[in-house]
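**Q** There's a structure below that I have some questions on.
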Amino acid sequence: MLFGAGNLIFPVHLGQLAGKNWLAASNGFLISSVLLPLMALIAISITHSQGVFDLAKPVGSKYALVFLVLIHITLGPLLATPRTATVPYTIGIAPFLPANLDKVGLVIFSAIFFGIVYGLSATEAKVTDLIGKILNPIFLVLLFLIFFLAFLNPMGAAKTAPVTSAYTTNAFTNSFLQGYNTMDCLAALVFGITVITAIREMGFKQEKEVAMTTVKSGLVGILGIAVIYICLIWLGATSLHDFKLSSNGGTALSQIFHRYLGIGGDALIAVLTTLTCITTAMGLVVAFAQDFHQRFSKISYKTFLAINCFLSFVIANLGLDMIISWSKPVLMLLYPLAISLVILGILSPLFKNDPIVYRVTTALTLIPAIFDMINALPDGLRSTAFIQEILTYAQHYLPMFDIGFSWVSFSLIGLIVGLGIHFLRRQNSAVVEE
């Protein structure tokens with residue numbers, strides 16, 4: 001459920017951006033795109049939450065509902081779900097179309113894509129078992145075939161690949177932020193209960209057993225995904241010897257597949273990428289429709305499903321580059337809030353899930369996250385006089401603002417203050433009882 005469109009293209013693009021600093025970039029990317037999703041699953045397990053709403057509820061029910069809606073809209077029709085159509089189109093279809101037919105081709109492809117997604121999701125067809133258990137492994141085998149061929153006959157040495165200015169000195173921090181684009185931490189918060197439920201159905205009933213099994217199985221998953229990411233990042237770095245820096249990883253991946261497998265490989269990757277992205281899209285639209293129907297029961301599951309698929313179709317036709325450019329500000333707002341929530345969930349036994357710790361930490365995390373979101377706006381908006389005044393203020397008063405980490409110190413202060421209030425209250429309560 002977690003390995004979808006973004007997991008393919010962003011590591012390759014990161015490799016092209018980082019060049020010879022690809023290894024340092026891998027470390028930051030792996031922490032945000034692999035370790036954080038595992039931590040999200042652990043947080044859900046430890047807090048016995050049924051999903052992101054329950055995990056955020058100690059902050060307040062209204063906040064939890066707003067946060068749930070924002071995450072689902074981001075994973076749904078705003079960013080992630082449209083990307084499931086644009087990525088296979090960019091990789092498998094666009095390279096074979098004349099430039100003047102690119103937009104028409106995307107309209108036709110995305111319409112068929114989301115029509116299939118809606119049909120399968122509405123009927124809950126078992127075809128997902130076929131795709132998930134047979135075609136996805138075939139796709140991974142094909143991916144590792146590319147890795148094998150690339151190791152035997154590399155396009156060039158990664159250690160001599162050119163580096164973009166952003167990755168010359170800040171490879172780790174920039175790659176950590178690049179990991180936000182996979183949206184896997186957000187997805188783990190949404191899909192987490194599905195994973196926990198599956199573990200419980202295997203016979204693990206006690207909460208400690210469930211938590212430990214989540215950690216152990218998660219570590220296996222982490223190692224697998226980490227290997228794929230490292231290979232994709234390295235592949236992106238070596239590709240700079242044959243290809244120019246692309247605007248997105250989808251274009252680069254298409255070029256790399258064609259180099260090693262020719263026309264036959266192009267056709268195979270087009271089919272398999274489309275099918276695997278259909279699986280991911282189905283998981284996203286079903287989770288969206290189920291959660292929204294649960295919260296707003298007057299509107300049917302199929303109606304929410306149709307709304308999501310239609311809006312995703314519309315957004316998809318803005319193109320992959322446009323979707324990626326608007327992803328950054330949204331993720332710069334949501335990710336700090338999600339990370340702080342995950343850490344609070346893991347630490348919750350320490351402070352008995354006291355809402356005051358959640359509220360103080362979240363409030364202080366939100367302030368710099370809003371500034372980070374503004375700083376990540378597309379250039380057309382960011383260059384306005386009003387926005388520039390806001391950014392000048394933030395640069396003066398928010399530590400680590402320039403590298404996108406101003407929320408860290410605020411969140412840490414919030415956690416310390418919240419814990420201080422909690423333990424002070426507990427101490428006073430104990431004195432009163434005596």
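Rule-based calculations on the coordinates, nothing more; no lab input. Bear in mind the structure is a predicted one, so any value in this text is a computation, not a measurement. Here Cβ is always computed from backbone atoms with ideal geometry, including for glycine, and neighbour counts include all displayed protein chains.
**Q** Taking only Cα atoms, what is the 0 to 90° angle, nearest 10, from helix 320-347's long axis to the longest principal axis of the chain?
**A** For 320-347 against the chain, the angle is about 30 degrees.
**Q** Let me ask something additional. Students often check this: by mean Cβ neighbours within 10 Å, which of 109-118, 30-39 ranks highest, and how do the rest follow?
**A** So the order, starting with the most tightly packed, is 30-39, 109-118.
**Q** Which order do Met202, Met282, Met155, Met322 fall in if you start with the one that has the fewest other Cβ atoms within 10 Å?
**A** By the 10 Å Cβ count, ascending: Met202, Met322, Met155, Met282.
**Q** Moving on. Decide, for segment 291-350, between rounded, prolate and oblate: order the square roots of the alpha carbon gyration tensor eigenvalues as a ≥ b ≥ c, take rounded if a/c falls under 1.5, and otherwise choose prolate if a/b is larger than b/c, else oblate.
**A** It comes out oblate by the Cα gyration axes.
**Q** Going by alpha carbons, how many degrees (0 to 90, nearest 10) lie between the helix axis of 102-123 and the longest principal axis of the chain?
**A** Its long axis makes an angle of about 50 degrees.
**Q** If you don't mind, another one. Please give the peptides 101-108, 325-332 ranked by average Cβ packing (other Cβ atoms within 10 Å per residue), highest first, as a rough proxy for protection.
**A** 325-332, 101-108
**Q** At a Förster radius of 41 Å, what calculated FRET efficiency corresponds to the Cβ-Cβ distance of Phe296 and Ile108, to the nearest 0.05?
**A** It comes out at approximately 0.80.
**Q** Compute the separation of the alpha-carbon centres of segment 374-412 and segment 167-204 and state it in Å as a whole number.
**A** Using only Cα atoms to place each centre, the spacing works out to 25 Å.
**Q** On to the next question. Output the pairs from Lys57/Lys302; Lys208/Lys352; Lys20/Lys244 with a Cα-Cα distance over 21 Å in this structure; if there are none, say none.
**A** Pairs exceeding the cut-off: Lys57/Lys302.
**Q** If the cut-off is a Cα-Cα distance under 22 Å, which lysines reach Lys133, setting aside same-chain residues fewer than 8 apart in sequence?
**A** Lys216
**Q** While we're here: What is the sum of charges, Lys and Arg at +1 and Asp and Glu at -1, for the other residues whose Cβ falls under 15 Å from the Cβ of Gly236?
**A** +3
**Q** Continuing with this model, one more query. Could you tell me the relative contact order of the chain? Use alpha-carbon pairs under 8 Å, at least six residues apart, and round to a whole percent.
**A** The normalised contact order for the chain reaches 31 percent.
**Q** Tell me, how many Å apart are the Cα centres for segment 221-280 and for segment 31-57?
**A** 29 Å
**Q** With a ≥ b ≥ c the root eigenvalues of the C-alpha gyration tensor of segment 222-299, is it rounded (a/c under 1.5), prolate (a/b larger than b/c) or oblate?
**A** Judged from the Cα gyration tensor, segment 222-299 comes out prolate (a/c at least 1.5, a/b above b/c).
**Q** Can you give me the distance in nm between label points at Ser429 and Asp402, each placed 7 Å from the Cα along the Cα-to-Cβ direction?
**A** Each label point lies 7 Å from its Cα, and together they span 4.6 nm.
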